[in-house]
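Enquirer: Submitted below is the structure of interest, expressed as structure tokens.
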Amino acid sequence: MSETLKKSNSRSLWQDAWKRLFKNKASVISLIYIVGIILVAIFADVIAPFSYETQSPQDRLLFPNTTYLMGTDILGRDLFSRVIYGTRMSMSVGIIIAFCSLIVGTIYGSLSGYVGGRLDNILMRIVDILYTFPSLLLIILIRVIFGPGLFGIFFALTIVEWVSVSRIVRGQILQVKEMAYVEAARAVGVRHQTIIARHILPNILGPIIVTLTFEIPAAILSESFLSFIGLGLQPPFSSWGSLANDGFQAFKSYPYLIFFPGMAIFLTVLAFNLLGDGLRDALDPKLKNT
């Protein structure tokens, strides 16, 4: 009966959270935008009016018009189609890196916070060292070691991003592991892995979801910056950051070349941050009765 009551309370908390979230107009609009941009990434082949690499030398550097909604680049390629395909790569990189960072950071932070003591001190000092090391230099070093492939960019950004996740998870676990139901589970001999998986992590799921929401735009920004300075994705792959890099040389004469990829980055990062703020407020137990 207590288990049924616990599940019922859990469902009630999540239902209340969804209600609070949908009262936040900025978060709802952001959620709709994010769903839309994900659909654009999935169905890029259908939505894009032109092929990603179709070149029309006679249509080089045309300003936005009815045929080319965002104009064309120096090779006569449709910028609108390239931004759509760039959405697929930027969103893929952001989501994959955020989930990898979340998995690594959750495991690391759970181990550190739950075990505590000397192991916690050692693991957190490693995190402190990674925090103090300049992230750009660390990314460049990893990129040199692993080369310019996709694996190198995924690995480099994951190494940089997971440390903040581990700190958040550790802080949450330090609070939850002192709760009475966790102590009761220990007292009856429940295995530590089961306690973490069934009693601790489900109760810190809210902060983890919020953290994931903020990690995705952080990863998108990091990849865009690296691609903009030539250290990110290499041809034939292309993202919003690399599109901005392509148009930077002609920016003064043809500002649309960098404006549209830049706006895609800006709007997507803004949407994720607004959604993250809304989720953080919605999942805050203190706001249950507001």
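Only the coordinates and a few stated rules stand behind these numbers; no lab work does. Predicted model, so just to flag it, every value in this text is computed and none were measured. Here the Cβ is made from the backbone with ideal geometry for all residues, glycine too, and neighbour counts use every protein chain on show.
Enquirer: Could you sort the peptides 107-118, 194-205, 174-185, 215-226 by per-residue average Cβ neighbour count (10 Å cutoff), highest mean leading?
Expert: 215-226, 107-118, 194-205, 174-185
Enquirer: For a test of the definition: using alpha carbon positions, the gyration tensor, and the 1.5 limit on a/c, classify the range 36-287 as rounded, prolate or oblate.
Expert: Prolate is the answer for the range 36-287, as a/c is 1.5 or above and a/b outweighs b/c.
Enquirer: Related question: Order 152-164, 32-44, 260-272 from most to least packed using the mean count of other Cβ atoms within 10 Å.
Expert: Highest mean packing first, the order is 152-164, 260-272, 32-44.
Enquirer: Now for a different question. For a label point 7 angstrom out from the Cα of residue 186 toward its Cβ, which stretches of the range 134-175 have the backbone nitrogen within less than 18 Å?
Expert: Hits in the range 134-175 for residue 186 at 18 Å: 170-175.
Enquirer: Taking a ≥ b ≥ c as the square roots of the Cα gyration tensor eigenvalues, with a/c under 1.5 meaning rounded and otherwise prolate when a/b beats b/c, else oblate, which class fits the range 3-145?
Expert: In terms of gyration-tensor shape, oblate.
Enquirer: In addition: Excluding same-chain pairs closer than 8 in sequence, count the lysine pairs in the chain whose Cα atoms lie under 27 Å apart.
Expert: Lysine pairs, 8 or more places apart or on different chains, close enough: 18.
Enquirer: Below 15 angstrom from the Cβ of residue 193, what's the summed charge of the other residues (Lys, Arg +1; Asp, Glu -1)?
Expert: Value of the local net charge: +4.
Enquirer: Please compute, for the alpha-carbon atoms of the range 144-289, the extent along each of the three principal axes and give them in descending order in Å.
Expert: Sorted from largest, the Cα extents of the range 144-289 read 70, 43, 19 Å.
Enquirer: OK, next. Tell me the relative contact order for the chain as a rounded percent, counting alpha carbon contacts under 8 Å between residues six or more apart.
Expert: With pairs under 8 Å counted, the relative contact order is 26 percent.
Enquirer: Starting from the Cα-Cα distance between residue 99 and residue 121, subtract it from 0.36 nm times their residue separation and give me the gain in nm to one decimal.
Expert: Working it through step by step, the gained length comes to 5.4 nm.
Enquirer: Relative contact order for the range 14-131 using alpha-carbon pairs under 8 Å, separation at least 6, rounded to a whole percent?
Expert: Computed value for the range 14-131: 18 percent relative contact order.
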